[in-house]
1. Just give me the residues in region B:84-94 being more than 12 Å from B:Val161 (Cβ to Cβ) and either at pLDDT below 95 or buried (at least 24 other Cβ atoms within 10 Å of the Cβ) (or both), in sequence order.
2. Quick check: anything in region A:62-82 at the interface with chain B (Cβ under 9 Å from one of its Cβ atoms), under 17 Å from the mean Cα position of the chain (by Cα) and crowded, with 20+ Cβ neighbours inside 10 Å?
3. Here are some conditions: (1) more than 30 Å from A:Lys61 (Cα to Cα); (2) modelled with pLDDT of 95 or more; (3) of a type outside the set (Lys, Arg); (4) in a helix (DSSP H, G or I). B:Asp117 meets all but one. Which one does it not meet?
4. Six or more apart or on different chains, Cβ under 9 Å: which pairs go from a residue in region B:52-71 that's free of Cβ contacts under 8 Å to residues at least 12 places away in the same chain to one that's among the polar types (S, T, N, Q) and surrounded by fewer than 22 Cβ atoms within 10 Å (Cβ to Cβ)? Could you list them?
5. Looking at region B:40-57, can you tell me whether even one residue there is over 30 Å from A:Pro78 (Cβ atoms), in a helix (DSSP H, G or I) and modelled with pLDDT of 95 or more?
6. Return only the number of the condition from (1) surrounded by 20 or more Cβ atoms within 10 Å (Cβ to Cβ); (2) facing chain B (nearest Cβ under 7 Å) that A:Met125 does not satisfy.
7. I'd like the full set of residues that are modelled with pLDDT under 95, small (Gly, Ala, Ser), in a helix (DSSP H, G or I) and surrounded by fewer than 16 Cβ atoms within 10 Å (Cβ to Cβ), limited to region A:1-39.
8. Got at least one residue in region A:92-111 being more than 8 Å from every other protein chain (Cβ to nearest Cβ), free of Cβ contacts under 8 Å to residues at least 60 places away in the same chain, among the polar types (S, T, N, Q) and in contact with a Ser or Thr (Cβ under 8 Å, 6 or more places away or on another chain)?
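The values are calculated or read from the model by the stated rules, or taken from the named source; none is laboratory data. Not measured: the values here are computed from a predicted model. Cβ placement follows ideal geometry from the backbone for every residue including glycine, while neighbour counts extend to all protein chains displayed.
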Number of protein chains: 2
Amino acid sequence: MGIISLGGVLVELSDAIKGRRTVRKFKDDEIASRDLEHILEAARWAPSWANTQCWEVVVVKDEDRKRMLAETLTQSNPARGAMTRAPIVLAICAKRGLSGFYKGGPSTDKGDWFMFDTGLAVQSMCLMAHSLGLGTVIVGLFDAKRAEEVLKVPEDRSVTVFVPVGFPEKVSHAPNRKEISEFVRYDTY
Amino acid sequence: MGIISLGGVLVELSDAIKGRRTVRKFKDDEIASRDLEHILEAARWAPSWANTQCWEVVVVKDEDRKRMLAETLTQSNPARGAMTRAPIVLAICAKRGLSGFYKGGPSTDKGDWFMFDTGLAVQSMCLMAHSLGLGTVIVGLFDAKRAEEVLKVPEDRSVTVFVPVGFPEKVSHAPNRKEISEFVRYDTY
């Protein structure tokens, strides 16, 4: 593969990466099962620690269940409305004690790597959703213990984030980003 | 945006996501500074906890510094050779106590979210590199304390992963992935 022949791909991936916005207001339109499958496939192909693939996804469409999950967010959380308005909420779970572990103990000073690996998979899912014209918001602030009860998640798993998905009704503007010069250094910090 | 008019993008993003492989053997070819910039831009536009953007990137090109970093990996680590053969090693750092924190304390049962946010940014970088014809490997297993000394990283930052980047000499086959039915459930776990 060369850069010239990939000009189109570069522009489009770059557009997807820069164009993806957090979306909290959704239309009522349903998500086609083929689109959902593309999003789940995107998670499937993410890399992970020694290919442990610790992530699991609960696809929540049931209105009552979405409402119960919304109640695990505080009233002031701006994503709370998205939990019930989105036609689908993806509850991203992870099996603990797998990623970053060797023979039952953590291999690094970071402990369990489930958060890192989940991050890899979630980014692929959000980019894929965006390329399908769908909006997402990554919700990390909620009562996880309560959410795990609502979803009947086993003890050795955590619910890491919720990702409501739907057709955007309103797309937020991009929050400011640091300039490259503000977060990049050369050879040493 | 509609699905039909985005058919091309879908196929291409999907190809990038499924086609990205771990690469540990690189050619000697240098990486154009424009390509490096595209990869850093990809990190820049990743989402993060309350837009905290905790990640920082040290771009390591100096041969001695790469060798010193390679020595923070065990001899048996299959990525050790990639640390010196790759023309560039990206050392992904993160400021702790920022992502997932509110008024100095963690907001959730997950503690610091720097691993999750770093995962989001790293996946965007690896996909962008792949779309430019470049290969990457995500290295998490190394002596982080020693690496932080080599890179002169301040106390309140962690080196989370190394990402050697270069033109692939040899591309590994895709390790098996779970089927969607093995990691996806509906409405409850």
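1. From region B:84-94, those more than 12 Å from B:Val161 (Cβ to Cβ) are B:84-88; that's our starting set.
Across region B:84-94, the qualifying residue is only B:Ala86.
2. No; the residues of region A:62-82 include none that is at the interface with chain B (Cβ under 9 Å from one of its Cβ atoms), under 17 Å from the mean Cα position of the chain (by Cα) and crowded, with 20+ Cβ neighbours inside 10 Å.
3. (1)
4. Going by the 9 Å Cβ cut-off, the qualifying pairs are B:Asp62/A:Thr188.
5. Step one: filter region B:40-57 for residues over 30 Å from A:Pro78 (Cβ atoms), giving none.
Taking every residue of region B:40-57 in turn, none turns out to be over 30 Å from A:Pro78 (Cβ atoms), in a helix (DSSP H, G or I) and modelled with pLDDT of 95 or more.
6. With (1) surrounded by 20 or more Cβ atoms within 10 Å (Cβ to Cβ); (2) facing chain B (nearest Cβ under 7 Å) applied to A:Met125, the lone miss is (2).
7. Once the filter is applied, which keeps residues that are modelled with pLDDT under 95, small (Gly, Ala, Ser), in a helix (DSSP H, G or I) and surrounded by fewer than 16 Cβ atoms within 10 Å (Cβ to Cβ), region A:1-39 yields A:Gly7, A:Gly8, A:Gly19.
8. Going through region A:92-111, the residues more than 8 Å from every other protein chain (Cβ to nearest Cβ) turn out to be A:92, A:94-99, A:101-106, A:111.
From what's left, free of Cβ contacts under 8 Å to residues at least 60 places away in the same chain: A:97-99, A:101-106, A:111.
Then drop every residue that is not among the polar types (S, T, N, Q), which leaves A:99.
Filter once more, so that each one left must be in contact with a Ser or Thr (Cβ under 8 Å, 6 or more places away or on another chain): A:99.
There is at least one residue in region A:92-111 that is more than 8 Å from every other protein chain (Cβ to nearest Cβ), free of Cβ contacts under 8 Å to residues at least 60 places away in the same chain, among the polar types (S, T, N, Q) and in contact with a Ser or Thr (Cβ under 8 Å, 6 or more places away or on another chain).
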